[in-house]
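Notes for the one structure printed next.
What follows is calculated from the coordinates using simple rules that are stated; it is not laboratory data. Source: prediction; values computed, not measured. Backbone-built Cβ (ideal geometry, glycine too); neighbour counts: all protein chains shown.
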Amino acid sequence: MNPNQKLIILFLFYWLNCPLGLTQVQTSFTNPVEVCVGETFSITNTSQNTTTQFWNFCGIDLNNPLEGFSINDPEFSSPVFMDIVEDGNEYQGFLTNNNGELIQMNFGNSLLNIPQSNSLGSLNALSTQTEAIQIINDQGNWRGFILGGLISVSGEFFLRLDFGNSLNNTPTVTNLGNADNLSYPHDIYIFKENDQWFGWTVNRLSSTLTRLSFGNSLENIPLSVNIGNLGNMNSPSGFHPIFQDGNWFIFVANQHNNSLTRLDFGSQLSNIPTGQNLGDLGMLQGPRDVLITDVCGNFVGIVANKYNNSLSFLNFGSDLMSTPTAIDLGNIGNLDFPHSFSKPFRVDNDIYFFIVNVDNNSLSRMKVAGCNNASTNSSDLFSPPGISYNKPGTYIIQLITDIGLPTQDAYCNTVYVQPGPQLDFGNDTTICYGTTLTLSSEDSNTIWQNEFEGNSFEVTETGLYFAEQSYQQCISRDSIFVTYEDCDNCISFPNTFTPDGDNTNDIFQAVVDCPYDVKNYDLIIFNRWGQNVFKSKDILEGWDGKHNNKNASSDVYVWSVSYTYFNGHEVLTKKTSGDLTLIR
C-alpha cells in the first residue's frame, strides 16, 4: 500500500489569534443515531449564546491521500515562513525570504489561484536570517510581526509592521528591539488572553523559549522573558499551539535531535509551561515544523522533515498527553528542505495548507480531499437544511461556533448510515414482442406492484413495473417502464433531411437492415394537404425534395411504406408510416 493511503484526513485547523479559556458559549446539537442511505434527516441546533456557526457534514474520508501541487515564483529566494489572511474580498499571503526580503502575494478571490507576487524588499529593517512572520487584524488595523537574525551576522531583530486599514498599504516599520536573549528566533505566535496580548517564540541557536508580553495593546513595546530550555529542545524551529479540555499545549519540532517537545501550559497559554521530550517517534528526520488538530476528539498531526524531504503523520488518539504513533508519508508536492507550514484553509469540502521549501524556492500547496457523500457538505445557518448520504458508513457531523472569536467553540456527533437493501432495475427499456424480461431482487420478500411477493417478476407487456423491499428500518424502492415494440420492421427512415445540394443528407431514403432481400417495396410521401409528392417501388431510390420539378417547401411530410421479405421461415408483409421534416 502507498503510505499516502494511510493518511487520516486533517479535518479542519483553526489557528486562533484570540484564544481564551472557558467561555459562556454552549455549542450542541442533536441528530438521529441511525439513518438509511438516501434518507433525509434533520439536525436540531441546541446551542446557546453563539453569533456564527459553521456546519461540516462530510469532512472526513480515511481513504483520501494527501495531494501536492508545486508553485514557483521568481520572487522566492530561500523562502522560510508564510502567513495567509483574508482582507476584504482578497486573500493575501506574506512570505519571508531568508536573505532579508518580504514578499507580498495577492491570491485574488481564492487561495487556489496562482498568486501575483511583489517584493517589498527589506523595508530598511530586515536583514539576513529573516524568519517567522504573523499577520494580525486588531480591531480593523492590520499589523505584522517579523523576527529573526543572528548575533554573529547583523544581530537579532523583532519588527512590527503597521498597514492601517488595508494590507495593500505600504507598512510603517517599528523596531521592537532585541527581546531578552533572542538567539536566532524562528517561529512566532501572538495571541490575546484576558484582554492582554502575549506571544511565544523559540530560539534556534540557544534552544530556548521566549515569552513576549505586550500588555493591553500591540502598539506597546513588549516585555520579554527567556524561559530557558524546556523538554530537551535542540535547535527548535517550528511549533504549534493546541487546546484540549481546558489545557493549552505547544508542540515544538527539534531538528538536531530529531524529536518533538510537548510544552504544557495548563489553563492559560501565557503561563510558564513544563516540558517533555517525546523522542523521534521512529520517523522524524530533521523536523522543522508541526501541525496538530482535533478531529472530533482524536488528535492527528503532520511534521515536515528536512533531511529526507518527507512528511510524517502523527496519531495521538484521544489524548495529547499520549505519545503519538508516526507514519512516513514520503515526499509529496516536490518538497525540498520543507521549512514551515502556513495556516490550513478550507475551500468547499477540501482542506489545504502551504509548505515553504527553501532549496527549490517554491511553495507546495497540499490538499486533503473531503468526502462527497453528503447532500450538502457545509452550512452557515443556525438551523441547517435536511441532510442525506449516498453511501453507507459512519459520518462525523461537526458544528463550530464563533470562528475566530474569543468564544469559539465546537461540538461533534456521529450518524451511522445503514447500507439498506439493494434494488436496482436499471433504466427504462424497450424490448421486442415475444421477449420476456425478468426483473430480479436479492430478497425473496420483495413486494411487487401487483402485491406479488418474491425475488423475481416476469414482464411480458408494456407498462410500469415497481417493487419495494426492506432491510431493518430501511426501505428500497425502484421502478422501470418497459415498452414492447415490433422488432420485425427491418426498414426505417430518418425524421429530417436537408436537400440543399451540399451532398450531406440531401436524399430521403430507406435505411435497410433486413436479413434477406426485400420484395414488393412501395414508398409514398404526402404533403400536409394529402397530395402525393413522391412515390417509388425501388428501395434504392429516395426523394430529392422536389415536386413537379420544383423544390418542395420546408414543411412536415408524411410517408407510408409497405414491403415483404422472407425471414428464413416465412414470408412477412410489413406496412408502417411516419413523418419527416424537410429543412432548407
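Things to note:
- Rule-of-thumb Rg ratio for the range 88-153 [Cα; 2.2 N^0.38 Å; N residues]: 1.23
- Positive-end residue of Asn89, Leu66, Thr128, charge dipole of the range 60-129 with Cβ unit charges: Thr128
- Estimated translational D of the range 76-189 in µm²/s (Stokes, Kirkwood radius over Cα pairs; 20 °C; 1.002 mPa s): 151 µm²/s
- With Cα atoms defining each centre, the range 180-220 and the range 467-531 are spaced 79 Å apart in the structure.
- Bins of 5 Å from zero: percent of alpha-carbon pairs in the range 429-485: 4, 19, 30, 20, 15, 7, 3, 1, 0
- Taking 20 Å as the straight-line reach from the Cα of Lys537, the aspartates and glutamates in range (excluding those fewer than 8 positions away in the same chain) are Asp506, Asp513, Asp517, Asp522, Asp579.
- Label assignment, volume of the Cα convex hull per residue in Å³ derived from the structure, set (i) 217; (ii) 249; (iii) 161: (ii)
- Charge dipole (debye, nearest 20) of the chain; +1 at Cβ of Lys and Arg, -1 at Cβ of Asp and Glu: 1240 debye
- For the range 269-372, dividing the convex hull volume of the Cα atoms by the residue count gives 133 Å³ per residue.
- Its relative contact order, with pairs defined as Cα atoms under 8 Å and 6+ residues apart, puts the chain at 14 percent.
- Both radii are taken from the alpha-carbon atoms of the range 459-502; with Rh as the Kirkwood radius, Rg/Rh is 1.37.
- Furthest towards positive pole of dipole, Ser492, Gly542, Trp559, structure part the range 491-582, Cβ charges: Trp559
- Counting only Cα atoms, the range 491-582 measures 44, 29, 20 Å along its principal axes, largest extent leading.
- Reported to the nearest whole Å, the Cα centre-to-centre distance from the range 55-128 to the range 339-382 is 13.
- Prolate/oblate/rounded call for the range 162-202, Cα gyration tensor, a/c under 1.5 rounded: oblate
- Under the Debye formula (equal points on every Cα, no solvent term), log10 I(q)/I(0) of the range 387-463 at q = 0.23 Å⁻¹: -1.09
- Residue among Thr208, Ile188, Gln244 farthest towards the positive dipole end of the range 170-294, charges placed on Cβ: Thr208
- Using equal-weight Cα scatterers in the Debye expression, the normalised intensity of the range 165-247 in log10 at q = 0.11, 0.13, 0.15, 0.20 Å⁻¹ is -0.35, -0.49, -0.64, -1.01.
- Under 30 Å of direct C-alpha separation, and excluding same-chain neighbours fewer than eight residues apart, Lys391 reaches these lysines: Lys6, Lys367.
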